[in-house]
Amino acid sequence: MKLLSWNVNGLRAICDKNALDWIKQEQIDFIGFQEIKAHEDKFPKRIYEYPFKHMYSNSAKRAGYSGVMSLCNFDCETNRCEFFDDDEGRVLEHSFKNMVLFNIYFPNGQKDEERLNFKMKFYNDFLVYLDKLLKEGKEIIICGDVNTAHREIDLTHPKANEKTSGFLPIERAWIDDLLKLGFVDTFRHVNGDIKEKYSWWSYRMKARERNVGWRIDYFFVSNGLKDKLKNAFIRDDIFGSDHAPVGIEIDI
């Protein structure tokens with residue numbers, strides 16, 4: 001199966017740019033979008049033209065904000081967030097076989113301390129929920145914009161961002177805890193310590209053109225799926241958002 005994840009930074013905007021047409025040319029089993037920024041009655045007609053059997057969405061109550069969408073070609077049971085009071089449309093949970101696949105737009109903590117606390121509560125509540133699923137014998141895939149770079153090689157200027165949300169010690173430690181719980185960062189597992197591969201670039205100062213970026217978009221898989229992983233990649237050749245799509249190929 002080929003699974004992708006992309007923070008599109010506005011579903012209507014990216015459709016207006018024809019920036020999703022590349023998915024027609026590829027055999028994709030699942031793609032999770034984050035930051036769709038639209039309610040269902042505002043979805044662009046073009047989104048229904050892409051070659052997927054099912055579409056699921058979870059929009060924020062607030063118009064023009066957050067929201068996630070999943071397009072897939074397999075049957076699954078789908079729920080919205082089961083572990084957090086999710087008024088912001090951040091989670092879709094897909095269950096099939098003995099698998100749980102999450103499409104998540106994790107909170108950003110840069111606005112102020114209140115939002116950082118909100119982000120950390122979301123992180124920690126999710127970790128508790130994952131532990132529960134693992135104890136039930138589930139295999140798990142997590143994809144989405146995690147809004148944190150894990151290691152110094154995951155951003156261009158680590159020293160300058162040590163006190164910036166997205167690279168704070170408490171945020172990075174959460175990813176450590178996720179890996180200790182029994183998960184694998186698929187990109188690092190496949191590609192090792194390759195440098196200068198990022199998934200997000202600021203729109204300012206030609207950051208993408210200069211490849212001044214952060215790797216904050218991930219696929220994590222539970223350890224039981226590690227040996228089934230065939231590839232993990234960042235599609236930095238795809239434009240239309242300030243993020244690049246990320247993906248994996250896995251035998252399921």
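Here are some notes:
- Test for Asp86: is it out of contact with any Ser or Thr (no Cβ under 7 Å at 6 or more places or on another chain), surrounded by 15 or more Cβ atoms within 10 Å (Cβ to Cβ) and acidic (Asp, Glu): yes
- All of (1) under 23 Å from Gln25 (Cα atoms); (2) over 17 Å from the mean Cα position of the chain (by Cα) hold for Leu225 with one exception: (1).
- Residue in the range 165-172 that is among the charged types (D, E, K, R) and not in a loop (DSSP other than H, G, I, E, B) present: yes
- Note on the range 1-72: enclosed strands (runs of 3 or more DSSP E) holding 3 or more residues that are open to solvent by less than 10 Å² (accessible area, probe 1.4 Å), within 23 Å of Asn147 (Cβ to Cβ) and in contact (Cβ under 8 Å) with a residue 60 or more places away in the chain are 2-7, 30-34.
- Pairs with Cβ under 9 Å, 6+ apart, first in the range 158-172 and of a type in the set (Val, Ile, Thr), second open to solvent by 20 Å² or more (accessible area, probe 1.4 Å): Thr164/Gln110; Ile170/Leu116; Ile170/Met120
- Listed here are the strands (runs of 3 or more DSSP E) enclosed by the range 76-129 that have at least 2 residues being within 20 Å of Trp174 (Cα to Cα): 99-105.
- Residues that are on the phi > 0 side of the Ramachandran plot and modelled with pLDDT under 95 occur at least once in the range 91-107.
- Residue in the range 202-212 that is touching a residue at least 12 places away in the same chain (Cβ under 8 Å) and touching a helix residue (DSSP H, G or I) at 6+ places or on another chain (Cβ under 7 Å) present: no
- From the list Leu134, Leu101, Leu116, Leu130, the lone residue that is in contact with a Cys (Cβ under 8 Å, 6 or more places away or on another chain) and either more than 16 Å from Ser66 (Cβ to Cβ) or open to solvent by 10 Å² or more (accessible area, probe 1.4 Å) (or both) is Leu101.
- Residue within the range 145-156 that is touching a Phe, Trp or Tyr at 6+ places or on another chain (Cβ under 7 Å), part of a loop (DSSP other than H, G, I, E, B), of a type in the set (A, V, I, L, M, F, W, C) and in contact (Cβ under 8 Å) with a residue 40 or more places away in the chain present: yes
- Residue in the range 179-195 that is surrounded by fewer than 17 Cβ atoms within 10 Å (Cβ to Cβ) and of a type in the set (Ser, Thr, Tyr) present: no
- Glu77 modelled with pLDDT of 95 or more and either of a type in the set (S, T, N, Q) or touching a His at 6+ places or on another chain (Cβ under 9 Å) (or both): yes
- Annotation: Asp193 fulfils all but one of (1) under 27 Å from Asp29 (Cβ atoms); (2) of a type outside the set (Lys, Arg); (3) touching a helix residue (DSSP H, G or I) at 6+ places or on another chain (Cβ under 9 Å); the unmet one is (1).
The values are calculated or read from the model by the stated rules, or taken from the named source; none is laboratory data. Keep in mind it's a predicted model, so treat the numbers as computed, not measured. Neighbour counts are summed over all protein chains in view; Cβ atoms, including those assigned to glycine, are modelled from backbone coordinates with ideal geometry. The area values use the complete protein model at the heavy-atom level, side chains included, leaving out ligands, DNA and RNA. Shrake-Rupley method; radii C 1.70, N 1.55, O 1.52, S 1.80 Å.
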